[in-house]
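S.K.: Below is one structure. I have some questions about it.
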Amino acid sequence: MVRPTVEDMIGSVKDRVSEAKDVAAEAAHDLADRVEEALEDATAEGRKVAKRARKELARRWQVVDQAGRDNAFIMALGALGVGILIGYLMTRDKD
């Protein structure tokens with residue numbers, strides 16, 4: 001039976017460390033690729049959500065605008081009432 005020498009054991013350890021280094025580097029590259037893909041997917045999904053949000057806000061603004069146009073007299077009276085209330089609150093005595 002041959003006894004392993006110190007040099008053989010050191011060589012074996014160096015080989016294992018080199019293999020572990022290669023495996024770790026490959027795993028890091030794989031992880032970086034996955035993160036890059038996830039960021040690209042998130043960016044694309046974010047654009048889709050922003051586009052839908054813009055469309056929904058435009059639609060809701062049209063509804064509000066139409067309601068204001070249909071009820072212009074009531075809106076004007078409401079604005080007048082708010083103005084009178086603010087004027088009263090600003091000019092009343094604070095005693």
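Any read-out appearing in this document is the output of simple, stated calculations on the displayed coordinates, not a laboratory observation. Given the structure is predicted, the values throughout are model-derived calculations rather than measurements. Reconstructed Cβ throughout: ideal geometry from the backbone, glycine too, with neighbour counts over all protein chains shown.
S.K.: Only Lys, Arg, Asp and Glu count, each charged at its Cβ (+1, +1, -1, -1), so figure out the dipole size of the chain about its Cα centre, rounded to 20 debye. Walk me through the numbers on the way to the answer.
M.R.: On the way: 16 positive and 18 negative charges, 187 e Å.
Roughly 900 debye for the chain.
S.K.: Additional query: Which one, Ala79, Val49, Ala28, is farthest towards the positive end of the dipole of the stretch 6-91 when Lys and Arg carry +1 and Asp and Glu -1 on their Cβ?
M.R.: Ala79
S.K.: To continue, here is another question. At 7 Å along the Cα-to-beta-carbon direction for both Asp8 and Ile74, put a label point, then send me their distance in nm to one decimal.
M.R.: Placing both labels 7 Å along Cα→Cβ, they lie 9.7 nm apart.
S.K.: For the chain, what class follows from the C-alpha gyration tensor (a ≥ b ≥ c being the square roots of its eigenvalues): rounded when a/c is under 1.5, otherwise prolate if a/b is larger than b/c, else oblate? Mind dumping the intermediate values first?
M.R.: Values: a/c = 13.84, a/b = 3.41, b/c = 4.06.
Taking the square roots of the gyration eigenvalues as a ≥ b ≥ c, the chain is oblate.
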